[in-house]
């Protein structure tokens, strides 16, 4: 290594250019100095890279006498000429150097002319060699032999870069020729190809560069802007002899290849007509993953969370996670009866959790493979969220104990935007998992789509460059290269705690699935594949030729594993019932009974004592840090909160604060994430206070509720919905004893995360017996803000609820809690902060976990009537699924002509309009706070209370949207279809709201008038 020297300059122009060259040479330290002559003397005498002296030459005349300048340059070049002559003759570097003459004894400038041509050629040749080395480091991967089939260019480009030496005529690019091949050149400090040697002949330099960068491994790393990281990678790939394996390591690798290959062949023999999305063509994935796990375990990792697509999943479950083979084989039995735990999913979507001993390191390791749908890459952020949660709960702040591995397909890695979103979470403080190892199974095809039609980038992995992740391309038919690369990847992650990508360039032997015919669309590729010898066979023959194993040992290894498979197949026939719980990827030890059922079907009161409410309210209205200056406007907000506490009332922000604070006090971790959630999109929350005088100094009062409280995490997210919601879903999977919430900036933005909602949150328990208590806060309300800031699309959530609209359930004492237990998720639209407080606390106090969808308000955040009294939140109080009308109508139910059912914000507009019409004793208004599960019992009681009233459902949403299509059939079932359920609301429309404020107000007036016009519904008959 060249030491970093101090360079003293007084020319800003020279200093700037010197910065550039020194930065490229990877040493820089600059300070001003008064003497130009002394500055130049120091440059020439201290620096030992000839390139710098020559590069600086044109700039020196600006501040040094020309005669002295040329004389001194000549002296320096003479010194270097002597140095290289001596070095080429074999003198060690320390003895080869000759100091230049002092300025006083310099020869005259005119003597430069005779020596200059030879010296210039010497300098140019050394600079050319340095450029050549750098070219291989930057572009060597473009000519690496990556395709096992030998027909494709992994970078989609057959062009060989001009600066890569593939033949002697390419030397001319650098001004060199064949006569230079045997010349010895000193190596720069930015390469390790010399090993312990500091100079090599050009021929040997080129050979070693080809071995490092142009064989079966292609390395992309020179875009990384960190010197230490670049040097680390160079050392791993450039040092001679780094890829060496012991006999035992080769035997282990062969055994793993046998298991990977024979597992697929066994399935193909037994179930040739079944889809399994086998691994044929990339069997080296199994030793690759096991190598990453082994090395990571050696570095201290105890828990690995994994996600992958369907290709190769059964093999990974069998040979990496080590799921019992009989449990896998019984999945192929068409006579197997399904248990009553849910709909289940296809076998190549299922996950697994297993704690076992790692035989290589003799340490315990927990492996979990996350279940996922066919939606490619959707599982990526879920894995990251679960990994972050596991790190959080075990206090692993740097990722030393818990890590994630993500597997990808090449087409999906390039094509699915959630990959980019997930990468951009990788280094955010509240989302970083401190490095993920990404393994791309690069089939060089996407179903039937050629990669040239599937991406615009050279490699499918180019998206990883945005976070400076090194990318290691490797020929998957070279198992030793694969294992070496995976070792390096695991070490990188353990050393730098940053993402890394392993690109396994392989092929897909049998098409997209075992039933597909790939010759339809890729005839030439599959003609070659049919000729291709399997990688296990090739590697076995290689080791036999090397004398590592005998052919008998090789065949015995195959026979041993075949016997294991056959015995497991026999045992699998004893299975009669399919239990999805055997495939659970996120168990919650101790939370359920042994049979997986809740320990009880009761929920305690969600109320709090007045002392607790007051204490939390005081924290919410204070700044619990000394010498902390907050914004003047925020001071007024906190003061107003304090006044509300004195008056025993809460608004929406305080209701949320009290729910969170009480749970934290009880030891429940609360995590709130989303865009701008720290302040709140509508400037109502203010959970993070910012010092107005000290940059980045913040205070989170919620973390000062109690001495031994659980931590509160509130974090603004990246501008992502898909990735962030997936992340929070994964976080909520890790533990049932946490309240995890994601808030959309506006409720309608959830549709960019629809895949997570549709594939994981809504059906997660049915498909994978995986309960989850995640909470979605979706701001919703028609307030004239246009079609993109109005509706959270409640109709979509209600359409996916699993209750039957045509069946009136048996109303028992535990009806409410049993409904919650049986539903797939809970949908609420609270009209007051007290009820919001209760539903958040119920989410944790219930003996099971269900996703909670909350349509939260906007204008109600500050509505003077949207307040709750402490009395509504004291012990003995609970969440009200339906809030009946306790006004004047309750005194004379028989005189009530109409009962209007509604939900959310429209209640306040209805009460205002009712008062204006003077109908407070003839029209009752009931608020349906919980829409799903539907409160059949309360709707029945409320409708029976008013025997002479007709029934109206009123909503501010359009008729084909909102709640009407959901509540109408259930209300009719409740009242046994004795009465019609009339509709008051906006007419059907394509867009969720108008963008014209005046039109909005006209629509509002029209449907409010309809709601209170007793003759309005005659035309609906």
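Read-outs throughout are calculated quantities, based only on the coordinates presented, and are distinct from any laboratory measurement. Quick caveat: nothing in here was measured; it's all calculated off a predicted structure. With ideal geometry, Cβ positions are generated from the backbone for all residues, glycine too; neighbour counts draw on all protein chains shown.
Key figures for this structure:
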| quantity | calculated |
| --- | --- |
| Mean Cβ count within 10 Å, highest first, over the residues of peptides 205-213, 601-609 | 205-213, 601-609 |
| Cα long-axis angle, helix 247-270 against the chain (0 to 90 degrees, to the nearest 10) | 40 degrees |
| Ordering of 273-283, 511-521 by burial proxy (mean other Cβ atoms within 10 Å per residue, highest first) | 273-283, 511-521 |
| Listed peptides 119-126, 720-727, 627-634 by packing density, highest first (mean Cβ within 10 Å) | 720-727, 119-126, 627-634 |
| 394, 486, 755, 762 arranged by Cβ crowding within 10 Å, fewest neighbours leading | 394, 755, 762, 486 |
| Between 0 and 90°, nearest 10: helix 285-298 axis offset from the chain longest Cα axis | 90 degrees |
| Helical contribution to [θ] at 222 nm, DSSP H n ≥ 4, -39,500 (n - 2.57), averaged over the chain, rounded to 500 | -11500 deg cm²/dmol |
| Part-to-part distance (alpha-carbon centres) for the stretch 755-787 and the stretch 708-737, which is given in Å | 14 Å |
| Alpha-carbon centroids, the stretch 235-276 and the stretch 867-941: separation in whole Å | 67 Å |
| The stretch 577-652 and the stretch 128-154: distance between their alpha carbon centers, rounded to Å | 57 Å |
| Angle in degrees between helix 551-572 and the longest Cα principal axis of the chain, rounded to the nearest 10 | 0 degrees |
